[in-house]
1. Accessible area of B:Leu125, 1.4 Å probe, to the nearest 10 Å²?
2. Taking the alpha carbon gyration tensor of segment A:53-148, what are the square roots of 5 times its eigenvalues, largest first, to the nearest whole Å?
3. Given 5 Å bins starting at zero, what is the percent of C-alpha pairs of segment B:240-312 in each, up to the one with the largest pair distance?
4. If you take each beta carbon of peptide B:38-50 and count the beta carbons of other chains within 10 angstrom, what is the mean?
5. Could you please put B:Lys107, A:Lys195 in sequence from largest to smallest accessible area, using a 1.4 Å probe?
6. State the percent of C-alpha pairs, over all pairs in segment B:164-313, separated by a distance greater than 24 angstrom.
7. Given the -39500 (n - 2.57) contribution per DSSP H run of 4+ residues, what per-residue ellipticity at 222 nm results for chain B, rounded to the nearest 500 deg cm²/dmol?
8. By accessible area of protein heavy atoms, probe 1.4 Å, what ranking do A:Asp209, A:Asp166 get, highest first?
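The values are calculated or read from the model by the stated rules, or taken from the named source; none is laboratory data. The structure presented is a predicted model; accordingly, all values stated were derived computationally and were not measured. Using ideal geometry, Cβ is built from the backbone for each residue, glycine included, and neighbour counts are taken over all protein chains shown. The accessibility values were calculated without ligands, DNA or RNA, using every heavy atom of the protein model including side chains. Shrake-Rupley method; radii C 1.70, N 1.55, O 1.52, S 1.80 Å.
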Protein chains: 2
Amino acid sequence: MTPTLNDIRQAAERIKPYAHRTPVLTNQNLNEKVGTQVFLKCENLQKVGAFKFRGACNAVYSLTDKEAARGVCTHSSGNHAQALALAAKMRGIPAYIVMPNNAPSVKKNAVAGYGGLITFCEPTLEARESTLDRIRIETGATMVHPYNDERVIAGQGTAALELLEDVPDLDVVIAPVGGGGLLSGTSIAATELKKGIRVIAGEPEMADDAFRSMQAGKIIPSVNPKTIADGLLTSLGTLTFPIVRERVEQIVTVSEAGIIETMKFIWERAKIIIEPSSAVAVGVLWEKKINLRGLEVGVILSGGNVDLGKLPW
Amino acid sequence: MTPTLNDIRQAAERIKPYAHRTPVLTNQNLNEKVGTQVFLKCENLQKVGAFKFRGACNAVYSLTDKEAARGVCTHSSGNHAQALALAAKMRGIPAYIVMPNNAPSVKKNAVAGYGGLITFCEPTLEARESTLDRIRIETGATMVHPYNDERVIAGQGTAALELLEDVPDLDVVIAPVGGGGLLSGTSIAATELKKGIRVIAGEPEMADDAFRSMQAGKIIPSVNPKTIADGLLTSLGTLTFPIVRERVEQIVTVSEAGIIETMKFIWERAKIIIEPSSAVAVGVLWEKKINLRGLEVGVILSGGNVDLGKLPW
């Protein structure tokens, strides 16, 4: 059930009419600061402002017409919910989104704005799962997990596929890791496309469950992590962990101060809005815990969804 | 002395090794909001964060080796000074920049950071001009005016050249207007490349000297304008005014509130950092004073240089 490079290529064809081919930007100031040649794959400029649209779109358009007619469902209050709602809207099918009743109104509005059909529940994992189960049984909708789903992983891998088409000589690819969907897809695409390429993940020091899972050789769940990188709070899944373990060289943790400094530098110098989770990936270069000097490094910027009224500086 | 399309094509070849070919982005939310199909030419992602690098780079690389050896000079405290300093640094020649002694330290540091040789003077036009004259005589450096210079105008026109290569079917191109360098280059490139294309300028209501100049048929100087779009404070020049008058359909003024709303919308939805002057161009669509419904509209985003510590919301 692990997606192959071929699955990623098929996903790329499938989502091509709907997703942006995002630009790859370079910035001399950043290169000088970190001592490497950096290529930023701008998923912050993707639809819904995040790579999540790739996976959701691939999942939605992988369904047969009969399956699709019954819709899709998920529980999420973040970018995945928006991405699934938009992909479903494009295909003209319902997206049932279960959200905790204490989700910020900006997130509710975003999902509703893309036509998602929201059901609120108590803010516990049990309530979310039981509510989602009920909706799935009532509607026959297909569940699309935010990361532990091969269609989603294959979709997320299309970002690295495009990056390596544009910059074939990369020595290293860096992606952030939360649940591992982006990292899994990235690592499959990169290692299959280029022998010897190194795939490295960035993770917040304050939510270092993937780092610890790699050390332990088993999934160590994340327990109440507190980091500004709110897209990276989840733990690796049963599908993503083995892929990460097999294909990712190492997971490098990044401090909260490093995340914020990096984010501000990219805003100021590269003139693009990145969310803290994106800054975690660039932060691997910024903090220089590992020596990548002189190499060509591709970095997947996960997204750009930030509340402009609450900036951390 | 008016640049031709051929001058712009030559400029494009000349600056190609040094300048970014900036991406053209689309955004569905923006299209729905303004009722047109918008193509954003992202000069905020250009070197030094502004289109100004194109003109400065073309001017610097147009010089003979003998001329170049004596350097270039200008008086400016803004993006042009940074752009000229960087272009000169790339060619390995000195850039003498005259700045008022009350310029913000962030601007001084930026110019110095690109290797510009700064001479401070009293903050009056007379002091600037006499200081610049003295330096020019002492050094033999070539003066590069921020906009009233055909090499600079030709360089600025390369943004529209690229835009129309990427999106040949545009009905309209919009650029902001201050001194008119960008608008002149844009209007020459666009009207020469595509018969019948409409070129429209955006100007702050609070600095509407170009609008009034067009009405009056002569240059009406700007007197102490106060607008958040601090890149658009200057008046049209003797070289730019006739070009604008001949090739630009109309100048549309944009309110301060419209500039700020548009700027915030682009940050939030398109995930790119644009400065208020860029928002003036998009603001033409936002405020809907003219009906461009259903058309394909290219917008030149002038730059992304903003103080993140002083956001207007």
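1. Ignoring ligands and nucleic acids, B:Leu125 comes out at about 100 Å².
2. Numbers: eigenvalues 76, 44, 23 Å².
Semi-axes from the Cα gyration tensor: 20, 15, 11 Å.
3. 3, 15, 23, 24, 18, 10, 6, 1, 0
4. 2
5. On the way: B:Lys107 65, A:Lys195 195 Å².
Highest to lowest solvent-accessible surface, that is A:Lys195, B:Lys107.
6. Details: 3053 of 11175 pairs.
Result for the distance tail: 27 percent.
7. Details: 13 runs with 139 residues, N = 313.
Helix-only estimate at 222 nm: -13500 deg cm²/dmol.
8. Correct descending sequence by accessible area is A:Asp166, A:Asp209.
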